[in-house]
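Asker: Please find one structure pasted underneath; my questions will follow.
The values are calculated or read from the model by the stated rules, or taken from the named source; none is laboratory data. Quick caveat: nothing in here was measured; it's all calculated off a predicted structure. Here the Cβ positions follow ideal geometry from the backbone for every residue, glycine too, while neighbour counts run over all protein chains shown. Heavy atoms of the whole protein, side chains included, go into the accessibility calculation; ligands, DNA and RNA do not. Shrake-Rupley method; radii C 1.70, N 1.55, O 1.52, S 1.80 Å.
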Amino acid sequence: MKFTLGYLSGFVFALTSVSALAETKTVASPDGNIIVSVSDDAGLPSYSVKYRNEDIIKKSELGLEFKNVDGFVRNLHIVKSETNASNTTWVQPWGERKKVNDNHKELIVEMAQQQKPFHHFNLHVKVFNDGVGFRYEVPKQTGLEQVDIVDEKTEFFIPDSDKVTAYWIPGRAPRIDEYLYNTTTLTQMTRAQTPATFKLASGVHLAIHEAALVDYAAFTLEPKQPGHLKADLTPWYDGIRVKTQTPFVTPWRSIHIAPNAIGLLNSDLILNLNEPNKLGDVSWVKPGKYIGIWWGMHLNQLSWGMSDKHGATTERTKAYMDFAAQYGFSGVLVEGWNLGWDGDWVNGGDKFSFTKAYPDFDLPEITRYGKSKGVELIGHHETGGAVTNYKNQMGDAFDLYQKVGVTKVKTGYVNEHDRMKRIDENGIERMEWHDGQFAVNEYMRSVTEAAKRHISIDSHEPIKDTGLRRTYPNWVSREGARGNEYNAPWSTSPNTPEHTVMLAYTRMLSGPMDYTPGIFNLTPVGLNAEARIKNTLAKELALYVVLYSPIQMAADLPENYFEKDGKTLKPGFQFIRDMTTDWDDSKALAGEVGTYVAYARKKRDGDEWFLGAITNEDSRKLSLKLNFLDAKKKYTAEIYRDGETANWKTNPYDLVVEKKTVTAKDTLDASLASSGGLAVRFKPVK
Ligand code: NOJ
Ligand code: CA
């Protein structure tokens, strides 16, 4: 009926008639707190979101625009819709919790063009108690086969932008995701990477991100009018955003919604929006702790390339393996083992060989030695962003690692954000973005090629995490933010005291991060040098609990874990030895964005709990209820806390280690120093 009116009666009449007959479909979260509405008002697809009766996303545009053919932008109407409900639990092979509850309501709305050729798409909306996801599905249809997407219209209109606080890093900026976070009003925010986090005047917290980014371009948030954030897809070198064919689906556009800051953290939204494991038996994917020939290069005591201080030698690797075996680390990462590091490797990534070692690095001998000690070499593939060079060698490179028994590989894509080098079919060099569709597919290639050889991947300078570890559990970790490397002497602006606290509420919403904590020599070039770790030692320990990753590095030089005598281990090191990296459950206990955060996590298939709390520049007192502990047990709490004189700036090493007996009824009172922390292991008393 609506269609007939619009089609026969001309444009002006069509608009009024259509808007008069606009349809709205709604769906509520299982607890009823979140309501999403989808409308075709004025022929324009749009949506809005209410949380506990507050408009948190006001009427926001939807749509896809194609090159050369009419897309889904205007003159559309809702043809039909359906709703479904689902409440299931699934198991993570590894993760921050074992069992994940997926309880959601679903709305599928079919929208079609009101004029020939009547092309149509489906908008899928899933509403959980902790947020919303929606995606476009474009079925196969005549005249819509090969599709070039030139724009995605999706926007997120958060009202009262002057009263909304935004926590964000720049989007599509030179250093990819390696920035310090900004705290501004939403009105002041400029183009931002996701996840971006928002605090509304009511205290409600939101985070905007995406899930299941596969064969599509990532988006950044581009503010248009105040509060109107547009999903701006990263283009190919030629301006096209996505080159695809029907049928296709876009990634899920996601909105975390919580009544407070820690509500954002206690969410499985991103994982639940991803597809189940596609790799089958993944018992070969093993979480673990590792050390590495790594920080020495960042300190400039060793070199990646060949020199008299070459880091990756057979002898040094064996010594590191001895240390790893003795203190419970399953892996030793070695960077700079392969040819190609000499000269400007960032702009000369094409020179990297991924199969040829430097002459002083005997790969078969090293891996044989490691096996005899129960320690694995962790492989390293730095590409310098020259991904075609990597692609051409990838099969051989992973074959080699598989042959010698390497099961984890750290990859790297160091270069400016728009300098991912692609050699096209005609041999022409093209520069692509690190988060365009091309790059998305190259990161995926490394993960799927590695999976074929039972190898896990830890990507540095990665595509942002969108929860694909659920589908590809060998994608164990990644960087995708400023890690500890930014505290090295080469850094002109090291990480601030608030940085890691900020990560918890932003970057970490997307998934595990290989931050590489555990630097014990916090002041490698002096207490007063600008480049140093701006944390206390207790905070550096707490990062192991707060910043989740199934693989965690003890990043310092092994010698720095010993006292001056070179024999006695430093007391804090025991916490790293006792720590695990795989969990049955995780709970954010308390916190505010960028200010402080406290986490408790229960060891996977074990009965120990670990607690980590960190603060920004401000010292603070915390009273943490221990009611997460098993009420029937008594625990020894092994506490690593800031001493009375601890302060990141003047006295970062004042660490007190003490024991207490506690139960679930107790409250743990703690004083965190300026940029301080608290790390606790709870061990049941037998
Ligand atoms: C940047 C990575 O984040 C860092 O960990 C690595 O050492 C260098 N690239 C060299 O690959
Ligand atoms: Ca990096």
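Asker: Return the total of residues in region 165-206 being closer than 25 Å to P512 by Cα and among the small types (G, A, S).
Answerer: 5
Asker: In region 206-227, what count of residues is obtained for those that are surrounded by 20 or more Cβ atoms within 10 Å (Cβ to Cβ), of a type in the set (A, V, I, L, M) and in a loop (DSSP other than H, G, I, E, B)?
Answerer: Final tally of qualifying residues: 4.
Asker: Moving on. Among the hydrophobic types (A, V, I, L, M, F, W, C), within 16 Å of ligand 1 (Cβ to nearest atom), surrounded by fewer than 22 Cβ atoms within 10 Å (Cβ to Cβ) and at pLDDT 95 or above, is that true of A488? Walk me through how you get there before you give the answer.
Answerer: Details: among the hydrophobic types (A, V, I, L, M, F, W, C): yes; within 16 Å of ligand 1 (Cβ to nearest atom): yes; surrounded by fewer than 22 Cβ atoms within 10 Å (Cβ to Cβ): yes; at pLDDT 95 or above: yes.
Yes; evaluated as a whole, the condition is true for this residue.
Asker: Is there a residue being within 16 Å of ligand 1 (Cβ to nearest atom), within 30 Å of Y544 (Cβ to Cβ) and either touching a strand residue (DSSP E or B) at 6+ places or on another chain (Cβ under 9 Å) or open to solvent by 50 Å² or more (accessible area, probe 1.4 Å) (or both) anywhere in region 342-360?
Answerer: No, the conditions are met nowhere in region 342-360.
Asker: Follow-up question, since we're still on this one. Does any residue in region 295-314 that is touching a residue at least 24 places away in the same chain (Cβ under 8 Å) and closer than 23 Å to A531 by Cα come within less than 9 Å, Cβ to Cβ, of a residue that is within 10 Å of ligand 1 (Cβ to nearest atom) and open to solvent by 30 Å² or more (accessible area, probe 1.4 Å) six or more places away or on a different chain, and which pairs are these?
Answerer: Matching pairs, first to second residue: M297/W304; W304/W345; G311/W304.
Asker: Still on this structure, please answer the following. Within region 178-199, identify whether any single residue is modelled with pLDDT of 95 or more, within 16 Å of ligand 1 (Cβ to nearest atom) and closer than 15 Å to H434 by Cβ, and answer yes or no.
Answerer: yes
Asker: Is it the case that F438 is closer than 22 Å to E210 by Cα and surrounded by fewer than 24 Cβ atoms within 10 Å (Cβ to Cβ)? I'd like the intermediate steps shown before the answer.
Answerer: On the way: closer than 22 Å to E210 by Cα: yes; surrounded by fewer than 24 Cβ atoms within 10 Å (Cβ to Cβ): yes.
Taking the combined requirement at face value, the residue satisfies it.
Asker: What residue, of G480, G427, is at pLDDT 95 or above, on the phi > 0 side of the Ramachandran plot and within 16 Å of ligand 1 (Cβ to nearest atom)?
Answerer: After applying the criteria, what remains is G480.
Listed here are the residues, each with its yes/no results for (1) out of contact with any Pro (no Cβ under 6 Å at 6 or more places or on another chain); (2) of a type in the set (S, T, Y); (3) surrounded by 15 or more Cβ atoms within 10 Å (Cβ to Cβ).
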site	(1), (2), (3)
T581	no, yes, yes
E592	yes, no, yes
G612	yes, no, yes
L629	yes, no, yes
S674	yes, yes, yes
V685	yes, no, no
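Asker: Against the conditions (1) small (G, A, S); (2) under 26 Å from K243 (Cβ atoms); (3) more than 15 Å from ligand 1 (Cβ to nearest atom); (4) open to solvent by less than 30 Å² (accessible area, probe 1.4 Å), where does G405 fall short? Just the number, please.
Answerer: Condition (2) is where G405 drops out.
Asker: Right, here's the next one. Restricting to region 281-321, count the residues that are within 13 Å of ligand 1 (Cβ to nearest atom) and in contact with a Pro (Cβ under 8 Å, 6 or more places away or on another chain). Explain how you work it out, then say what you get.
Answerer: Step one: filter region 281-321 for residues within 13 Å of ligand 1 (Cβ to nearest atom), giving 290, 292-300, 302-305, 311-312.
So of that shortlist, the ones also in contact with a Pro (Cβ under 8 Å, 6 or more places away or on another chain) come out as 298-300.
Summing the residues that are within 13 Å of ligand 1 (Cβ to nearest atom) and in contact with a Pro (Cβ under 8 Å, 6 or more places away or on another chain) in region 281-321 gives 3.
Asker: Let me ask something else. I'd like the residue in region 476-493 that is touching a residue at least 60 places away in the same chain (Cβ under 8 Å) and part of a strand (DSSP E or B) and, out of all such residues, is farthest from ligand 2 (Cβ to nearest atom).
Answerer: Ranking the qualifying residues of region 476-493, first place goes to V476.
Asker: Looking at region 395-420 only, could you name the residues that are within 16 Å of ligand 2 (Cβ to nearest atom) and of a type in the set (S, T, Y)?
Answerer: Hits for region 395-420 are T411, Y413.
Asker: Something else: Specify which of the listed residues (T448, T496, T516) is more than 16 Å from ligand 1 (Cβ to nearest atom) and in a loop (DSSP other than H, G, I, E, B).
Answerer: The unique qualifying residue is T496.
Asker: Shifting gears a bit: E530 passes all but one of (1) closer than 22 Å to L302 by Cβ; (2) without any contact (Cβ under 8 Å) to a residue 40 or more places away in the chain; (3) surrounded by fewer than 24 Cβ atoms within 10 Å (Cβ to Cβ); which number fails?
Answerer: (1)
Asker: Determine whether L509 is more than 13 Å from ligand 2 (Cβ to nearest atom), closer than 15 Å to I270 by Cα and not β-branched (V, I, T).
Answerer: Considered against the rule, which asks whether it is more than 13 Å from ligand 2 (Cβ to nearest atom), closer than 15 Å to I270 by Cα and not β-branched (V, I, T), L509 comes out as yes.
Per-residue answers, yes or no, for (1) at pLDDT below 95; (2) within 16 Å of ligand 2 (Cβ to nearest atom); (3) touching a Lys or Arg at 6+ places or on another chain (Cβ under 7 Å); (4) not aliphatic (A, V, I, L, M):
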| site | (1), (2), (3), (4) |
| --- | --- |
| N272 | no, no, no, yes |
| S303 | no, no, yes, yes |
| T313 | no, no, no, yes |
| A324 | no, no, no, no |
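Asker: Provide a single number: the residues in region 456-475 that are under 18 Å from A218 (Cβ atoms), within 16 Å of ligand 2 (Cβ to nearest atom) and not β-branched (V, I, T).
Answerer: The qualifying residues number 6.
One line per residue, one yes/no per condition, for (1) within 16 Å of ligand 2 (Cβ to nearest atom); (2) in contact (Cβ under 8 Å) with a residue 24 or more places away in the chain; (3) charged (D, E, K, R); (4) open to solvent by less than 10 Å² (accessible area, probe 1.4 Å):
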residue	(1), (2), (3), (4)
K371	no, yes, yes, no
E376	no, yes, yes, no
H380	yes, yes, no, yes
R422	no, yes, yes, no
E425	no, no, yes, no
H454	no, yes, no, no
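Asker: Quick one: E658 ticks every box in (1) of a type in the set (D, E); (2) touching a Ser or Thr at 6+ places or on another chain (Cβ under 6 Å); (3) not in a loop (DSSP other than H, G, I, E, B) except a single one, so which number is it?
Answerer: Of (1) of a type in the set (D, E); (2) touching a Ser or Thr at 6+ places or on another chain (Cβ under 6 Å); (3) not in a loop (DSSP other than H, G, I, E, B), only one is false for E658: (2).
Asker: Does T88 fit the bill of being of a type outside the set (D, E, K, R), within 21 Å of P45 (Cβ to Cβ) and either part of a strand (DSSP E or B) or open to solvent by 40 Å² or more (accessible area, probe 1.4 Å) (or both)?
Answerer: no
Asker: Looking at (1) at positive phi; (2) surrounded by 23 or more Cβ atoms within 10 Å (Cβ to Cβ), find the lone condition where R507 falls short.
Answerer: (1)
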